[in-house]
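One structure is given here, and the rest of the page talks about it.
The values are calculated or read from the model by the stated rules, or taken from the named source; none is laboratory data. Remember, it's a predicted structure, so these values are computed and weren't measured experimentally. Here the Cβ positions follow ideal geometry from the backbone for every residue, glycine too, while neighbour counts run over all protein chains shown. The protein model used for the area step is the full one, side chains on, heavy atoms only, and it has no ligands, DNA or RNA in it. Shrake-Rupley method; radii C 1.70, N 1.55, O 1.52, S 1.80 Å.
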Amino acid sequence: MKTSYLFPYRCKSISGIVFWVALLLFILMMVGNNSEVIQINTTVFALTDTNVNFGLTENNIVDEILFMFLILSGLMYAFSKEKTEDERVQKIRLDSLVWATYFNYIIILLCYLFIYGFDFLSVMMIALFSHLLFFIIRFRWMLYRQNKSLDYEE
């Protein structure tokens, strides 16, 4: 019984574009501290906030929307089938996932040791999608190298 938990190949291109655009916007928002440039202020339900618990509060939801696009498109981009999905691609996918997990947790451990206070919350927010980012970069790089070596042999 062969079970595949991958998204269809047709999801890869649009989710890749959305992922890289959302990542760029997220980096610009974090580095430039431009969270006030685009504002979508609305009333949202909050489990907890500085002023309310289990109630409605006013919030700028741009960062939440951006993060949602970043994670969902990243998942679809990372785990969409390739045009030719064979054992070689599956092995590269598994190896990349393992390396991304190791690398991400090493970075998180180093941040635990050297970053404190409110800045640590930013690190943990970035850690939510950095695993996907590391996986995507390594998986694409290894596929590129593998395809380049196969083209060279022909």
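The table below lists the values:
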| read-out | value |
| --- | --- |
| C-alpha long axis of helix 87-114 to longest principal axis of the chain, angle in ° | 30 degrees |
| Derived scalar couplings ³J(HN,Hα) [the stretch 6-19; Karplus, 6.51 cos²θ - 1.76 cosθ + 1.60; whole Hz; x for Gly, Pro] | 8, 6, x, 4, 5, 7, 5, 5, 5, 5, x, 4, 4, 4 |
| Span from the the stretch 8-75 Cα centroid across to the the stretch 99-127 one, whole angstrom | 20 Å |
| Sulfur and carbon atoms: percent of accessible area, the stretch 26-141 [1.4 Å] | 69 percent |
| Å² of accessible area per residue within the chain, as computed with a 1.4 Å probe and no ligands counted | 72 Å² |
| With all protein chains modelled, accessible area of PHE45 [1.4 Å, Å²] | 130 Å² |
| Neighbour-limited loop hits for trypsin sites (Lys or Arg not before Pro), the stretch 47-154 (at most 10 other Cβ within 10 Å; DSSP other than H, G, I, E, B) | LYS83 |
| Neighbourhood net charge (15 Å Cβ-Cβ; Lys/Arg +1, Asp/Glu -1) for PHE7 | +3 |
| Cα pair distances of the chain binned at 5 Å [whole percent] | 2, 8, 13, 16, 17, 15, 12, 8, 5, 3, 1, 1, 0, 0 |
| Max mean-square fluctuation residue, GNM over the chain, Cα-Cα springs under 10 Å, options PHE118, PHE67, PHE134 | PHE118 |
| Backbone HN-Hα couplings from phi across the stretch 60-65 [Karplus 6.51/-1.76/1.60, Hz, Gly and Pro as x] | 7, 9, 4, 5, 5, 5 |
| When the convex hull of its Cα atoms is projected in every direction, mean area for the stretch 50-129 (nm²) | 7.8 nm² |
| The chain: most fluctuating residue of VAL18, VAL31, VAL62 per GNM, C-alpha cutoff 10 Å | VAL31 |
| Förster radius 22 Å - calculated FRET efficiency between VAL123 and LEU28 (Cβ-Cβ, nearest 0.05) | 0.75 |
| Length released on extending from SER4 to ILE61, taking residue separation times 0.36 nm less the Cα-Cα span | 17.1 nm |
| The chain: relative contact order in percent, alpha carbon pairs under 8 Å with at least 6 residues between | 25 percent |
| Fully extended contour minus Cα-Cα distance, from ASN53 to LEU110, at 0.36 nm per residue | 17.2 nm |
